[in-house]
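A.B. asks: Could you have a look at this structure, given as C-alpha cells, before my questions?
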Amino acid sequence: METGQHQGTGSAQEHRATTTRATDPASKTLTPPHLRPAAPQRKRRAERSHLSHPWATQRRDPIGRPELASIDPPCFPERETSSVLQHQEGDESNMSPSLPPATRSPWASLPEDMIRLVAGRLLAGDLTDYVRLRAVCTNWRSSTVSPRGRGVIDPRFHPRRWMMFAEGHGLHPGHENLCGHVRFFNLDSGIFVRVRLPLLTDHCVLDSVEGLLVLQRDEDTAIRLLHPFTGDIVELPPLTSLAMQLKADYTQATKLKLMRDMSASISVAADGVVRVMVLIGTTWAAVATSQDTEWTMLPWRIPGHYQPLSSGGKQYLVHDTFFEDSPEVSQIFQMEAHLQDAPKLIAAIPKKKLAYPLYLVECDSEVLVVGHKDRSFTHLAVHRLSDLVSRRYVPEQGTNVLAG
C-alpha cells in the first residue's frame, strides 16, 4: 500500500559527523637543518602524528567494528563539536575489508539468527548502534534490515533518544551561517551528531516526536515528517486545509501563525500508514494520515494545560483545577493518535500529595510527573505516572531518577 514515504533530497547521502581540534602550534615551527632529527626518528614521529590526526584512518577492534572517526571539517573551524561517525547506507567503504580465509575474523561468520538477535537488542537502545553493527561486514549487513526507506514507517527505527540541539544566538535551523547543518544531542550518551539537512532552507521545524522532525514547507504549508538520519519523509496534508476549519475570527495568515504552536503524536499501522494527531495551542486538536488530502478538526476541546508530552503514540497533559469546583486536585489527561476520542482523565492528584505546578517528563520510556512536596515549593518530588494512575503516591528516591 502506498504510504507516502520517500527520500529527502540530499539529506541521507550528505549526513556527516565532525570533530575538530586546534592546530598544533609546534607543527608550524621550522627546524634548522643542523637540528633536524635522523630519518628513523622523523619516520616514527610522522607515524605518531598520523595516528593522532583527526582525519587519520581509525583502527578497528577485534570484531571489525569501526571506532569513532571524523570525516568532514566543520563549517566553523574555530568551533569544537563532539560527534560520532554516521555510516551512510549503501557505502561499503566503512565495512571491514575482505581478508584471506586464514586471517578472517570468526565473528563475520556468525549465524544470521544470532546477528538478528544482537541487532534487535541494539535497536531497542539506539539506532546509531544498529547502524554501526551493519557496517562491520557484508554478512552482518545482509542479515539485517536497512533503516533507509523505513525510517518513518517502521517505529523500530525512530531515533527516540536524539534531540535537535538549539544553537542559540539567533542561529535557528536553516540559518545561512550554519551551512545547512544541524546538531543533534543524544539523551543517553551526551554525544553530538552534526547532520546536513538541506530541507531546512525552505522548511520550518514545528515539533519533534519520537525523534522525527515535524516540518512545514514554506511554499504551500505542507506538513512533512522527516527522519533526520535516514532522510525518509512522510507527506501529510497542508495546514491551509486545517485553517479553513478553524472557527475563529482571524485572518488566514493569523490562523496559520497560530497553528505553528503545535504538539504532535504519531502512530503507525501494520500496513505502514502513518497517523498524526496535533494539539494546536491549548484549545484545538486535529488528525490526518499519510493517505489523507486534508486535516480533520476534532469536535472536542482540549482542557486548559501547559506544555503536553508526547510518548509512544499518546499525548499527556496536566490540567489545573484551581479556578474550578475542585481546586485541590490536578488532573492528567491522555489522548491517543490512532483514536479520535475526547481526552481521557487517567489521574486526579490531590495537591496535598503533589503541589502544582506539575511537569511531565519521559525517562527510559516511562512518563514521570514532577512537582513539589508542598506549597512551600522548596522540595521537588518525582512520581511515576503509572503509580499515580493506581493512586499510589510514593515518590521516586535517588538523585538519578531524571537521568534519562
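A.B. asks: Any chance you could check the Cα centroid distance between region 247-318 and region 189-227 for me, in angstrom?
C.D. replies: What the calculation gives is 17 Å, centre to centre.
A.B. asks: Can you pull the Kirkwood radius for region 207-265, inverse mean 1/r over Cα pairs, to one decimal in Å?
C.D. replies: On the way: mean 1/r = 0.0814 Å⁻¹.
In region 207-265 this quantity evaluates to 12.3 Å.
A.B. asks: Another question about this same structure. Check each of the trypsin sites (Lys or Arg not before Pro) in region 293-363 and keep only those in coil by DSSP with at most 14 other C-beta atoms within 10 angstrom; list them in order.
C.D. replies: When the trypsin sites (Lys or Arg not before Pro) of region 293-363 are filtered for loop state and at most 14 Cβ neighbours within 10 Å, Arg301, Lys352 remain.
A.B. asks: May I pose another question? Estimate the FRET efficiency between Asp374 and Gln397 by the formula 1/(1 + (r/R0)^6), using the beta-carbon distance for r and 22 Å for R0, to the nearest 0.05. Show your work: numbers first, answer last.
C.D. replies: On the way: r = 18 Å, r/R0 = 0.80.
Efficiency, from the Cβ-Cβ distance: 0.80.
A.B. asks: Another question, if that's okay. After finding the eigenvalues of the alpha carbon gyration tensor for region 147-218, what semi-axes result from the square roots of 5 times each, listed largest first in whole Å? Numbers along the way, then the final one.
C.D. replies: On the way: eigenvalues 84, 51, 22 Å².
After scaling each eigenvalue by five and taking roots: 21, 16, 10 Å.
A.B. asks: Could you tell me the convex hull volume per residue, in Å³, taken over the Cα atoms of region 315-396?
C.D. replies: On the way: hull volume 7.8 nm³, N = 82.
Considering the Cα atoms of region 315-396, their hull volume per residue is 95 Å³.
A.B. asks: Could you list, bin by bin from short to long, the percent of Cα-Cα pairs of region 228-297 in 10 Å steps?
C.D. replies: 19, 50, 25, 6, 0
A.B. asks: Here is a further query. Could you list the chymotrypsin sites (Phe, Trp or Tyr not before Pro) in region 174-253 that lie in coil according to DSSP, counting only those with at most 15 other Cβ atoms within 10 Å of their Cβ?
C.D. replies: Numbers: sites: Phe184, Phe185, Phe192, Phe229, Tyr250; in loops: Phe229, Tyr250.
Answer in residue order: Tyr250.
A.B. asks: Just need the Rg to Rh number for region 263-315, please, alpha carbons only, Kirkwood Rh. Intermediate values should be presented prior to the final figure.
C.D. replies: On the way: Rg = 11.6 Å, Rh = 11.8 Å.
Taking Rh as the inverse mean 1/r over Cα pairs, Rg/Rh reads 0.98.
A.B. asks: Report in % the part of the accessible area of region 315-396 that belongs to carbon and sulfur, leaving out ligands and nucleic acids; probe 1.4 Å.
C.D. replies: Values: 2300 of 4480 Å².
On region 315-396, the fraction of accessible area on carbon and sulfur atoms equals 51 percent.
A.B. asks: For region 335-404, which chymotrypsin sites (Phe, Trp or Tyr not before Pro) pass both filters: DSSP loop (anything but H, G, I, E, B) and at most 12 other C-beta atoms within 10 Å?
C.D. replies: Details: sites: Tyr359, Phe377, Tyr393; in loops: Phe377, Tyr393.
The qualifying sites are Phe377.
The values are calculated or read from the model by the stated rules, or taken from the named source; none is laboratory data. Fair warning: this is a prediction, and the values are worked out from it, not measured in the lab. Backbone-built Cβ (ideal geometry, glycine too); neighbour counts: all protein chains shown. Ligands, DNA and RNA are stripped out before the accessible areas are found, and what is left, the full protein with its side chains, is counted by its heavy atoms. Shrake-Rupley method; radii C 1.70, N 1.55, O 1.52, S 1.80 Å.
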